[in-house]
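Heads up, the thing below is written out as structure tokens.
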Amino acid sequence: MSIYNFKEIESKWQQIWADRQVDTAPQPNADHPPYYLLVMFPYPSGNLHMGHVRNYTIGDVLARFQRRKGRSVLHPIGWDSFGLPAENAAIKHKTDPATWTWKNIETMRKQLKALAISYDWDREVATCHPDYYRWNQWLFIKMYEKGLAYRKKAPVNWCDSCVTVLANEQVHEGRCWRCDSLVSQKELEQWFFRITQYAEELLTGHTQLKKTATQKGWPDQVLTMQNHWIGKSWGAHVDFETDQGNLRVFTTRPDTLFGATFMVIAPEHPQLESLTTPENKGAVEDYRQKAKTLTRFMRTAENREKTGVFTGRYAKNPLTGSLVPIWVADYVLTDYGTGAIMAVPAHDQRDYEFATKFNIDINQVIAPSDGKLPSGQAYEGEGLLINSGPYTGLTIQDAQKKMSTDLEKLNRGAAAVTYKLRDWLLSRQRYWGTPIPMVYCSKCGMMPVNENELPVTLPTQVEFTGIGASPLASAEEWIQTPCPKCHQIARRETDTMDTFIDSSWYYARYTDPHNEKKPFEPEKANQWLPVTQYVGGSEHACMHLIYSRFFHKVLRDMGFVKCDEPFQSLLTQGMVTLGGSAMSKSKGNVVDPNDVIGRYGADTCRLFILFAAPPTQQLEWSDKQIEGIWRFLNRVWRLAHVFVGSDDEKAFKRTESEELISAEELIRRVHLCIHRVTRDIEDDFGFNTAIAAIMELVNSIYLYPHLGDAVSKEATETVVQLLSPFAPHMADELWGKFGHQDSLTFVPWPKANTQKMISSQIEIVVQVNGKLRDKLSISPNLKEEEVKEKALESLLKKGTSFAPKRVIYVPNKLVNFVG
């Protein structure tokens, strides 16, 4: 019997495909509409892992399938190649980040090609290449000119280990997302993008991304995560009067104004100094300094004991006229609302804990309908207002509306909306990133680099120690530069950009990757965008996937793109695990794709990674299962060789228990399989069930008694066609052996004949005394006595011999012999 020689065949077809450029994206047109398939591009860490293999194989199957469905497919690849790991590697290996990065890119490029991921390699980009990041800088300048990029001094998350600023999204439970070190607070001059200007549109845009009957859309989980992160809240702004001016708060519960017994401002609040009396300044300053050492996670932890200091001043409640003390406490943050709150301890648990500790009044203003109040905690449920002057007796909703209106009439506040989303902090104090193209001149001030001087490239003569500030801060020759206006010596900005900027618009660059005059030509981008199908992890929901949506809307407003959203449909894949844990080099539980490909071939690796679990679920690696996939592919290989003179169908032995099928039944199963595979790939990303359907068809062919005739040949060719997106090397090789001249890339996807899917047989259950003994496939035209006769014959063949007292017959369903 023939054995599939994957090493010879896979290298052969990879060379043929490369020579013929079969993966180059053709120009879309009316007959071949665009299909933009994109998988989140990799960080070049050195080697692919099985998580990568799963992602890119998912994308490749969809790309190959859509090509054969007649779509013009854009399937590009690039490298998210800036970032802190390269800098850390440079320190560890005493090299430079560029050398380390480009070496890794070369390694991973070879691995992707070995897997036959059908990328349009002519469109390859690397974000660390000046040809790419010059447009990061150009876009930054345009956003600066529009007021969307700005600089201010602000408290930031600081990682001492990485010596860099971290965005809120990069701090997990008080620790750095990269090195797991504790994060502290630090005040620095920082660059920001005004993403909050698009907060409302980022929310309303979800209506375009929801799944519908005609659109796959985005997973509900991702939309929910984004909703929570953007955090739209309805409420009111309220101005409390102090002898140092107004103190504004935002509250979602203006109905509880009569229960506000104190106020709290954040330690970073700009009015803290003026609101602190001279005798309280020492205690307040000590508290403020201690707060700097705490992370956001620590400050907002639910079970943490409340701390605070009285400022010495009071504020006037605009509706009651009463004076309430102003405290400073670290459980209030400056990056939500106004950085100050009115505290209502009777109806907010955090405020209740604070008031209880510091012996502050607790005034109830909401009564539950049943009159029962919780003991020892705040009541945060529904009810009617009490102890609230003219608002007593109103529902919470009615009171909120009326109080907001009255505040507006008094010029002391109004209904308002706020968001949890904060402006995007993009400054990073490290080397391996896009230099921020700004210059500081002692005479002219701050200004952007002239566009004709872009890109501002990274200096190469720098030292990487991992200690202190960014290497750029000590690159004096690079820092000193002529002022764009007066041409006197000025200084460059030494911060680099957050690497999430690189990935926020890369999908658009792919549409025109070699443009030297623009980030991309709008006409070319609009041919392809939005991305038809995006594939990547749900862990990017509140970073990359929000940032790219923001960038896309800015690009739209600049006239570069027409659509409102960058990604039409999103598939979030599950992790690949080994022994129940996510594969990780640090855990020592990594399966090397090179080893798998070397032992079984790329087709086996691809087929296993898709068959073992649905793409959205976790996949547990199994050596036993991959052996099973290898045996299956060899079974297909041997079956196909029956028709090319290499194998004899007599060699395919069957057990006596296997029931043979007719030509009509095999044809029915062929078309049923085409239907199932097409539906599963196209509608549900059901790659595992599609592969299972192909396996069932192979089993059916083996049950056909006339193996080698035209019917079985057609069935086997169908198997080869359906396998081609999953196992492209073997499929193209066998297709050629069947006498076809072209690669399956250019062969239209088979269509199921629905009429041939209908069986001319019906299944009858045969029972003895109500217990199942057999199942028969018979013609629906048989008479009752003929059906009973066939049922009895089936029992006799199985060795069941008896004289039934009566026979129960249910037409087209069952025959039950009662003894």
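Observations on the model:
- With only Cα atoms counted, the stretch 94-135 has Rg and Dmax values of 12.2, 36 Å.
- If you sort Met446, Met108 by accessible surface, 1.4 Å probe, largest first, the order is Met446, Met108.
- Solvent accessible area, Å² - Tyr287, 1.4 Å probe, full protein context: 30 Å²
- Distance between the stretch 238-262 and the stretch 124-158 - C-alpha centres, whole angstrom: 38 Å
- Averaging Cα coordinates gives a centre for the stretch 450-510 and one for the stretch 799-817; these two points are 87 Å apart.
- The order of Trp102, Trp630, Trp749 by accessible area, most exposed first and with a 1.4 Å probe, is Trp102, Trp630, Trp749.
- Distance between modelled label sites at Ser274 and Lys290, nm, 7 Å Cα→Cβ extension: 2.7 nm
- Mean separation of Cα contacts under 8 Å (6+ apart) over length of the chain, as relative contact order %: 14 percent
- Placed amide H near Val125: partners under 5 Å, 5+ positions off or other chain: Ile77, Gly78, Trp79
- Along its three principal directions, the equivalent ellipsoid of the stretch 202-253 from the Cα gyration tensor extends over semi-axes of 39, 9, 7 Å, largest first.
- Pairwise inverse Cα distances across the stretch 424-536, averaged and inverted, put the Kirkwood hydrodynamic radius at 16.3 Å.
- Accessible surface computed residue by residue for the chain, with neighbouring protein chains in place and a 1.4 Å probe, gives 45 Å² per residue.
- Sequence-distant aspartates and glutamates (8 or more away, or on other chains) whose Cα lies within less than 16 Å of Lys216: Glu565, Asp680, Glu682, Asp683, Asp684
- Rounded percent of accessible protein surface that carbon and sulfur make up, the chain, 1.4 Å probe: 48 percent
- Once all protein chains are placed together, Leu782 keeps about 50 Å² accessible to a 1.4 angstrom probe.
- From phi via Karplus (6.51, -1.76, 1.60), per-residue ³J(HN,Hα) for the stretch 800-806 in Hz, x at Gly/Pro: 8, 10, 6, 9, x, 6, 7
- The chain - mean residue ellipticity at 222 nm from DSSP helices (-39,500 (n - 2.57) per run, n ≥ 4, rounded to 500): -10500 deg cm²/dmol
- Counted by Cβ distance under 13 Å from Tyr391, the other residues give a net charge of 0, where Lys and Arg count +1 and Asp and Glu count -1.
- Note, ³J(HN,Hα) from phi for the stretch 475-487, Karplus 6.51, -1.76, 1.60, rounded to Hz, x at Gly and Pro: 8, 4, 4, 6, 4, 6, 8, x, 5, x, 9, 9, 6
- Cross-link reach is defined here as a Cα-Cα straight distance under 23 Å, omitting same-chain residues fewer than 8 places apart; for Lys524 the lysines meeting it are Lys69, Lys142, Lys553, Lys562.
- Per-residue SASA remark: Tyr809, around 50 Å² accessible (1.4 Å probe; ligands, DNA and RNA not included).
- P(r) tail fraction, the stretch 21-159 - alpha-carbon pairs more than 17 Å apart, %: 69 percent
- Amide H contacts under 5 Å for Ala346: Asn363, restricted to partners 5 or more places along the chain or on a different chain, H placed in the peptide plane at 1.01 Å from N.
- Distance between the C-alpha centres of the stretch 276-314 and the stretch 520-558: 42 Å, rounded to the whole angstrom.
- Antiparallel %, DSSP beta bridges [both residues in the chain], to 5: 75 percent
- When each of the peptides 313-323, 336-346, 125-135 is scored by how many other beta carbons lie within 10 Å of its residues on average, the order from highest to lowest is 336-346, 125-135, 313-323.
- Computed from Cα positions, the angle between helix 6-20 and the longest principal axis of the chain comes to roughly 70 degrees.
- Candidate residues Cys486, Cys176: accessible-area rank, largest first, probe 1.4 Å: Cys486, Cys176
- Taking a straight line from the alpha carbon of Lys402, these lysines sit under 23 Å away, with near neighbours fewer than eight places off in the same chain left out: Lys232, Lys316.
- Computed 3J(HN,Hα) for the stretch 710-716, one whole-Hz value per residue from the Karplus formula 6.51 cos²θ - 1.76 cosθ + 1.60 where θ = phi - 60°, is 5, 5, 5, 5, 4, 5, 5, glycine and proline marked x.
- Over all pairs of different C-alpha atoms, the chain has a mean inverse distance whose reciprocal, the Kirkwood radius, equals 31.7 Å.
- Backbone amide hydrogens, once placed in the peptide plane, bring Gln767 within less than 5 Å of Arg773, Val815, Asn816, Phe817, excluding anything fewer than 5 places away on its chain.
- In angstrom, the C-alpha Rg and Dmax of the stretch 161-261 are 19.5, 61.
The values are calculated or read from the model by the stated rules, or taken from the named source; none is laboratory data. These numbers were taken from a predicted model, which means no experiment stands behind them. No Cβ is skipped: glycine too gets one built from the backbone with ideal geometry, and neighbour counts run over all protein chains shown. Just the protein is used for accessible areas: all its heavy atoms, side chains included, with ligands, DNA and RNA removed. Shrake-Rupley method; radii C 1.70, N 1.55, O 1.52, S 1.80 Å.
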